[in-house]
Amino acid sequence: MGFNPISLFLEHISTLAPSRQPAKIRSRNSESIHTPRVTRRLVRVDSKSSDAFTSCWLTNAMQVFDAISTDLACREFDGKPLSNEHIQRILEAGRRCQSGKNLQPWHFIVIRDKAILNRLAGLMKGDMDEPLVRGAPLAIALVSDPSSEFHLIDTGRVAQNMTLAAWELGIGSCFMSGPEPPEREPYRKRAHDFLRIPANLNFVDLMIFGYPKRSRVAKHKKRRDLDRMVSQDTFGKPLSLFQDA
Ligand SMILES: Cc1cc2nc3c(=O)[nH]c(=O)nc-3n(C[C@H](O)[C@H](O)[C@H](O)COP(=O)(O)O)c2cc1C
């Protein structure tokens, strides 16, 4: 049977159906409550491939800026396991990330096994992250390949792709970096060995994922103001956009 956009469209919609909706948010300026916008736009991605994930139509997607604005570090989960479809979606978001020279210098280790999660948590030895890892239904260990000079920035982008794709499905996430330095180094070495990561590769960090235990309302993000992090033309020269305001 040839390419059938309608069946692919329907198939893709079924993979997008979120089991949870992200929390409603209150707009900082208007004080009105609104739910992240839902688009009905259909965007053709690739008509040549037969892969339902690449030959898909995007619909009902949360706006990217809404996802960025409402996603908060999520550390407590309701205990429900993530579906295979949702895990696949998160991994796909990582796989599709851009990378320097398209070297894709990354590898992902999916960990759902509670015994392995508990062993990893145990390596953190009393750090505040330890119970968080124990309480997560899913962790993904991000591994990078230092043979690419861009491996850390590329894998950081992977992490952000995964975070946003998860959040679109109502799944919260957080990095788990383990103990503070200098104890972090022994933890990282132990985790590297425990996960059997080859010696030439780099254990970047562990990300935990799950359906949030309670909905947190992102009134506004605790971030420095833009004018404290943006310059114009050269470092430290104020952006005229803010001077005019
Ligand atoms: C590289 C990185 C490492 C992080 N490590 C931890 C961690 O070890 N434990 C933790 O609870 N949160 C960790 N976080 C989450 C941050 O603390 C969180 O993103 C930040 O405080 C902002 O919180 P918010 O997103 O809820 O506004 C990490 C985030 C990043 C990007």
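Across region 218-232, coupling constants 3J(HN,Hα) worked out from phi with the 6.51/-1.76/1.60 Karplus curve, θ = phi - 60°, read 7, 5, 7, 7, 6, 9, 4, 5, 4, 5, 9, 10, 10, 10, 10 Hz, and Gly and Pro carry x. Name the long-range amide H neighbours of M62: under 5 Å, sequence gap of 5 or more, or other chain; modelled H, no Pro or chain starts. Residues meeting the criterion, in which the H sits 1.01 Å from N, do not exist here. A cut-off of 5 Å between modelled amide H atoms, ignoring neighbours fewer than 5 places along the same chain, links I197 with no other residue. Karplus-based coupling profile of region 140-146, in residue order and whole Hz: 10, 8, 9, 10, 10, 10, x, with θ = phi - 60° in 6.51 cos²θ - 1.76 cosθ + 1.60 and x standing for Gly or Pro.
For region 102-114, the Karplus equation 6.51 cos²θ - 1.76 cosθ + 1.60, evaluated at θ = phi - 60°, returns couplings of 6, 7, 6, x, 9, 8, 10, 10, 8, 10, 10, 5, 4 Hz by residue, with Gly and Pro reported as x. Approximating the spin labels as points 7 Å out from Cα along Cα→Cβ, the I109-to-H220 distance works out to 4.2 nm. For W106, the residues whose modelled amide H falls within less than 5 Å of its own, excluding neighbours fewer than 5 places apart on the same chain, are D145.
Ranked by how many other Cβ atoms sit within 10 Å of their own Cβ, fewest first, the residues F175, F209 fall in the order F175, F209.
Hey, fewest Cβ within 10 Å first, where do M128, M229, M62 land in order? Kindly include the intermediate steps, with their values, before the conclusion.
Values: M128 12, M229 8, M62 23.
Taking fewest neighbouring Cβ atoms as first place, the list is M229, M128, M62.
FYI, it's all coordinate maths here, none of it is from the lab. Small disclaimer: the values here were computed from a predicted structure and weren't measured. All Cβ positions, even for glycine, are placed from backbone atoms using ideal geometry, and neighbour counts span all protein chains on display.
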